[in-house]
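Here's the structure, in structure tokens; my notes come after.
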Amino acid sequence: MVEKLASSEVANRLNEWYDTIKQQDVERASNLRNEVQEAINQMEEDQNVLLYFNLIDSRYKLLIEQFDESGSILKSVKEQSEQTETDHLLRYYYYFFSGLYEFGRRKIIEAIHFYHQAENFLGDIPDDIEHAEFHFQLATAYYEITQNYVSLSHTRKALEIYSKHDNYVNRLISTQLVTAFNYLELNEHRASELLFKKTIQIASNHQHKYMEILGYLNLGICYESQGKLELAKDCFEAALDINYPQDSKKITYLRIKYMLARTLLKMDLLKEGREWLQSAKLLAEETNEATYQAKLMILDSIYLEVNESVIDESLKTLKDKKLWYDVSDLTTNAARHFKKKEMFKLATKYFNEALLAKEKIPMLYKEVESE
């Protein structure tokens, strides 16, 4: 008779696996998943450890940007946990990972609601890295609804912890990227640009290729927002030139291709812009990314073949998701382009749309706080 593995031993392996996920080490996390799965098959019966495995697996699926699979696992976990008494650790992970899942689907308000539920159990988590991870994710979510000072308060808490742990340089970089984006939103362009460049250098020095890719992507966004289009183009191309397994980060590469296409179209490099737009559309369809499908249709209908009804229909998709920042950003770009082309009726319409969207953004914070 084969002796069963103690559930406590398997739980320790799960902790090790989760650490590699938090470190964003995709290759090692993938290898450890196979080892953990084998250990689970040999483990003595323990429902809580099985739930723990499923929760960490849902987080792993988020790491490799398989959002639908993560959502399916979380739904299953919810059904199982309703039939099993779970401890505070498992409840924390369920709410926290559910927030990450909703954030990945661009449902920011729902994500923050889940984070706040997770926060009720955070005090029972002794691991300070988990506290840093929580503050990092909450900072990212608050940035998305332009609550920049709230976001910065959480980045400071995360940075204070990550700076004490050499194994989490990649998370330190990620938090600095969120900090830099908040500076950009607060019109502190020079500080933002310098911090983006610093993150690229740190990532390069530590050979964190994915973090370097994110650094170039975000520096490019910084330049694009200031109208420094040639510099933005160079950054997006630099991100694409770094050797990295694209299949494990399809959404990231979708973002890069979208931004490169958008920049080229704004530069009137229409042939090249059309090619990258088509590449991004194929990737958005492959990943079933409705938000980017809408954003790409808007770009196409502004810069290539003007189609007011397609713009409005695609904007509705973003409005239904309450992505008011994206609505404001894209309608502002549309208005400026149509003004440049002397299509003044459309320019006026989309300037007004941009103003209305900006008025909606502060309401997101009120919605979060009214939970």
Matching residues in region 63-79 - criterion: being modelled with pLDDT of 90 or more and open to solvent by less than 20 Å² (accessible area, probe 1.4 Å): 63, 70, 71, 74
Any hit, region 80-96, residues being at pLDDT below 95, under 23 Å from residue 26 (Cβ atoms), assigned to a helix (DSSP H, G or I) and among the aliphatic types (A, V, I, L, M): no
Every pair of residues 6+ apart whose Cβ atoms lie under 6 Å, when the first sits in region 255-281 and is part of a loop (DSSP other than H, G, I, E, B) while the second is not β-branched (Val, Ile, Thr): 267/229
Among the residues listed as 180, 158, the single one being closer than 24 Å to residue 22 by Cα, in contact with a His (Cβ under 7 Å, 6 or more places away or on another chain) and of a type in the set (A, V, I, L, M): 158
Residues satisfying the stated conditions in region 154-193, i.e. open to solvent by less than 40 Å² (accessible area, probe 1.4 Å) and hydroxyl-bearing (Ser, Thr, Tyr): 155, 162, 168, 174, 175, 179, 192
Residue pairs meeting the criteria (Cβ under 9 Å; at least 6 apart or on separate chains; first at negative phi, in region 202-213; second part of a loop (DSSP other than H, G, I, E, B) and among the hydroxyl-bearing types (Ser, Thr, Tyr)): 209/244; 210/244; 212/244; 213/244
Positions within region 194-234 being under 19 Å from the mean Cα position of the chain (by Cα), aromatic (Phe, Trp, Tyr) and either buried (at least 23 other Cβ atoms within 10 Å of the Cβ) or at pLDDT 95 or above (or both), in sequence order: 196, 216
Scan of region 199-252 for residues that are within 27 Å of residue 105 (Cβ to Cβ) and among the aromatic types (Phe, Trp, Tyr), ordered by number: 210, 216, 236, 244
Hits in region 239-276 - residues which are within 24 Å of residue 302 (Cα to Cα), among the aliphatic types (A, V, I, L, M) and within 21 Å of the chain's Cα centre (by Cα): 251, 254, 256, 259, 260, 261
Residue count, region 323-371 (criterion: in contact with a helix residue (DSSP H, G or I) (Cβ under 7 Å, 6 or more places away or on another chain), in a helix (DSSP H, G or I) and under 22 Å from residue 107 (Cα atoms)): 16
Any hit, region 53-61, residues being in contact (Cβ under 8 Å) with a residue 40 or more places away in the chain, assigned to a loop (DSSP other than H, G, I, E, B) and either among the β-branched types (Val, Ile, Thr) or surrounded by 13 or more Cβ atoms within 10 Å (Cβ to Cβ) (or both): no
All positions within region 23-36 that are assigned to a helix (DSSP H, G or I) and either of a type in the set (Asp, Glu) or modelled with pLDDT of 90 or more (or both): 27, 28, 29, 30, 31, 32, 33, 34, 35, 36
Failed item, numbered, when residue 334 is tested on (1) within 20 Å of residue 267 (Cα to Cα); (2) of a type in the set (Gly, Ala, Ser); (3) open to solvent by 60 Å² or more (accessible area, probe 1.4 Å): (3)
Pick from region 235-247, criterion part of a helix (DSSP H, G or I) and at pLDDT below 95, ranking: farthest from residue 65 (Cα to Cα): 246
Residues that are over 18 Å from residue 287 (Cα atoms), in contact with a Leu (Cβ under 8 Å, 6 or more places away or on another chain) and either open to solvent by less than 10 Å² (accessible area, probe 1.4 Å) or among the small types (Gly, Ala, Ser) (or both), drawn from region 236-254: 236, 239
Residues (over 20 Å from the mean Cα position of the chain (by Cα), open to solvent by less than 40 Å² (accessible area, probe 1.4 Å) and without any contact (Cβ under 8 Å) to a residue 24 or more places away in the chain) located in region 82-138: none
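The values are calculated or read from the model by the stated rules, or taken from the named source; none is laboratory data. Treat the numbers as computed from the prediction; the structure is a model and nothing was measured. Every residue, glycine as well, gets a Cβ built from its backbone with ideal geometry; the counts of neighbours run over all protein chains shown. With ligands, DNA and RNA removed, areas are computed over all heavy atoms of the protein, side chains included. Shrake-Rupley method; radii C 1.70, N 1.55, O 1.52, S 1.80 Å.
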